[in-house]
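Structure first, then comments.
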Amino acid sequence: MKPILKELITEWREKNLPNIIEREKDLTKLIDWKILKAIPIVGFRRTGKTFLLLDAAKKIGKENTLYIDFEDERLPQKTEVLTTLSDIIKEIYGRKKLILLLDEIQNIPNWSKWVRRMLDSFNYQIILSGSSSKLSSKEIPTELRGRCITIELYPLSFSEFLRFKNEDIEKLTDPLKLNLLREYINFGGLPEIVISEEAKKYMLIEEYFKTFIIRDIFERYGIRNKELMRDIIRLLLNSTYITITKMFDTLRSIGHKLGKETIANYFYYLRSSMFIEFLEIISPKIKNSLKAPRKVMIIDNFFIKRFSQKFSENIGRLMENCVFLELKRRAAKNPLLEIYYWKDYYQNEVDFILKEGLKIKQLIQVTYASSKDEIEKREIKALIKASKLLKCKNLLIITWDYEDEVEIKNKKIVFKPLWKWLLE
């Protein structure tokens, strides 16, 4: 085992790092030798977690870092690998302060105890990347509670998308801005797909989807009823709202024998992998929030476009999902920010309610409109009604390319194009 680990360290020291397009997240800003904490990076498959580690190595300097990929087939998945690794690090680097970049470490038994021991030595900063279901703040092992700063990595923001496409928004005409926006909301923000030709994009999303289901769901959770899980994923991709009861009734109607607890477990697995998120209704009563239908949000728009069976292009849903993902990025920077939707008995609905602490911060509607006349009256009516009930004056309607600021029933409503809002 020692020769293999020494070989990996030698390979790292001699390796030329690839060209890396910078993301908005900069891991180097989190490094603090006075307060040593592990930094787990969690995110859906292929969102760029490994490249974020390599970007940190490039900025800090390879001589100050060590990258190990624990999915390397030369490494056995045994605790002894970590014990031996710590001895070799001391042998090669001595007492040098070192930043360890550890990819897929969750594959090794007792990894969290080893990370805790290394942190306690005061010589190592540790950045981890791997399975969201094992490294998220909710699932982090007991040994590391209070010793972690978890970073959530989402697909590219629109700003990052433009950087990957080498486009300067300031130099583009309005039609070209909208053309790029349309590409972004249709094909999403998974980095490799963004920089690929259109024909290859479809091949990649097929491969990502298949690998996600097999490795992150079937293998990780030991799913036996694979057809049931596939049907649940298909239904979620084609649903705007869902409840466990509704899903249960639908699955029973097509011949599945199951209980509601199974559905709840499968939903949990999909959320833990960060493939899916459920948006709750805002209500002063927790019971009402839990019973109400939840809106279904997907980690990347391209999954909706490719695997939804709706025949017409549902650009409204794609816009809404895009806004949700951007709100999640912003919430990752602000722990107090919570995201809900609002709906009343008469089916008046507001797409997003932003709450910060005890205060409702903003109400947001999303609509595929290019002029005020195209915006449905019910959307404005719902916004005004929710504004009164929730006592919030900050009202925003995100449009395709219509921009204005109007007063309706003594309420100021800001209309803002999606591309402009995404770049705020």
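So the values come out like this:
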| item | result |
| --- | --- |
| Chain lengthening between LEU390 and GLU91 when straightened (0.36 nm per residue, less Cα-Cα) | 101.5 nm |
| Over segment 227-384, relative contact order from alpha-carbon pairs under 8 Å, at least 6 apart, % | 17 percent |
| Protein accessible area in segment 231-388, 1.4 Å probe - carbon and sulfur % | 52 percent |
| Solvent-accessible area of ARG147 with every protein chain in place, 1.4 Å probe, in Å² to the nearest 10 | 40 Å² |
| Accessible solvent surface per residue of the chain, calculated while the other protein chains remain in place, 1.4 angstrom probe, Å² | 50 Å² |
| Partners for LYS377 among aspartates and glutamates (Cα-Cα distance below 13 Å; same-chain residues under 8 apart left out) | GLU349 |
| Ranking by accessible area, most exposed first, for ILE195, ILE286 with a 1.4 Å probe | ILE286, ILE195 |
| Protection proxy ranking, peptides 181-189, 331-339, average beta carbon neighbours within 10 Å, highest first | 181-189, 331-339 |
| Sequence-distant aspartates and glutamates (8 or more away, or on other chains) whose Cα lies within less than 13 Å of LYS388 | ASP344 |
| Rounded to whole Hz, the Karplus (6.51, -1.76, 1.60) HN-Hα couplings of segment 340-345, x for glycine and proline | 9, 10, 10, 8, 10, 4 |
| Descending semi-axes in Å of the chain, equivalent ellipsoid built from Cα gyration tensor | 40, 25, 22 |
| Exceeding the 24 Å Cα-Cα cut-off - candidates LYS165/LYS200; LYS29/LYS393; LYS285/LYS391 | LYS29/LYS393 |
| Segment GLU207-ASN110, extension gain: residue separation times 0.36 nm, minus the distance between their alpha carbons | 31.8 nm |
| Principal semi-axes in Å for segment 159-296 [√(5λ), Cα gyration tensor, largest first] | 35, 21, 13 |
| Most to least accessible of ILE223, ILE21 (protein chains only, probe 1.4 Å) | ILE21, ILE223 |
| Difference of contour (0.36 nm per residue) and Cα-Cα distance, THR142 to GLU338 | 68.0 nm |
| Cα pair distances in segment 298-424, grouped into 10 Å bins until the bin that holds the longest one, percent each | 12, 42, 37, 9, 0 |
| Within a Gaussian network of the chain (alpha carbon springs, distance under 10 Å), most fluctuating of LYS355, LYS90, LYS343 | LYS90 |
| Out-of-range pairs (alpha-carbon distance over 18 Å; input LYS381/LYS409; LYS210/LYS295; LYS372/LYS411) | LYS210/LYS295 |
| Relative contact order (percent, whole number), the chain, Cα cutoff 8 Å, 6+ residue spacing | 12 percent |
| Heavy-atom accessible surface of segment 114-206: percent carbon and sulfur, 1.4 Å | 51 percent |
| SER370 accessible area, assembled protein chains, probe 1.4 Å, Å² | 50 Å² |
| Order of exposure, largest accessible area first, which applies to GLU104, GLU152, GLU91, GLU170 with probe 1.4 Å | GLU170, GLU91, GLU152, GLU104 |
| ILE214 accessible area, assembled protein chains, probe 1.4 Å, Å² | 70 Å² |
| Relative contact order for segment 264-304, counting Cα pairs under 8 Å that sit 6 or more residues apart, in percent | 38 percent |
| Selected from LEU396, LEU270, LEU30 as most flexible by GNM, with the chain as the system and alpha-carbon contacts under 10 Å | LEU30 |
| Whole-Å distance, taken between Cα centres, linking segment 70-144 and segment 28-58 | 13 Å |
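The values are calculated or read from the model by the stated rules, or taken from the named source; none is laboratory data. Bear in mind the structure is a predicted one, so any value in this text is a computation, not a measurement. Here Cβ is always computed from backbone atoms with ideal geometry, including for glycine, and neighbour counts include all displayed protein chains. Side chains are part of the model used for accessible areas, which takes the heavy atoms of the whole protein and leaves out ligands, DNA and RNA. Shrake-Rupley method; radii C 1.70, N 1.55, O 1.52, S 1.80 Å.
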